[in-house]
1. Multiply the residue gap between Lys64 and Lys36 by 0.36 nm, knock off their C-alpha separation, and tell me the result in nm, one decimal place.
2. How high is the relative contact order of segment 39-102, in percent, counting Cα pairs under 8 Å that sit 6 or more residues apart?
3. Show me the ranking of peptides 87-93, 53-59, 36-42 by mean Cβ neighbours inside 10 Å, starting with the highest.
4. Report the local net charge at Glu43: Lys and Arg +1, Asp and Glu -1, summed over other residues whose C-beta lies under 12 Å from its C-beta.
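Coordinate-derived values only; no laboratory data. Keep in mind the model is a prediction, meaning the values are calculated, not measured. Please note: Cβ atoms are built from the backbone with ideal geometry, for glycine as well, and neighbour counts cover all protein chains shown.
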Amino acid sequence: MGAALRRWTTPFPALSFLRGNLKLGLAFISRTMLKKPTPDEFEFSETGIWHRPTEEKFVPHPGKPGDGRWQDGHGKAAPDYDQDEVRRMGRKLWAEHIARRKR
């Protein structure tokens, strides 16, 4: 199998760095196929922000609404979402929510 992987070529020259490394190639391809979250998938509450499909939840620290921690939804409900993107968008939406509340 190792020799077959070394002979593998890609029709896309930009992806030639994946040749010979099936694990890296599959990780790269699967990462690019993950869904990106949309703002309408999030719900706000006094206790934080929640991404419905993945069950990821951001819980702010008392007294410091900009700081907090993520409770892992374990991707049980929707494993095809990019967790980093879910958390990035969640933090952005939470910061906007806090700014609106301060006005």
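1. Fully extending the segment from Lys64 to Lys36 adds 7.3 nm.
2. Values: 85 pairs, mean separation 18.1, N = 64.
Relative contact order here is 28 percent.
3. Top of the packing list down: 53-59, 87-93, 36-42.
4. Result for the local shell: -3.
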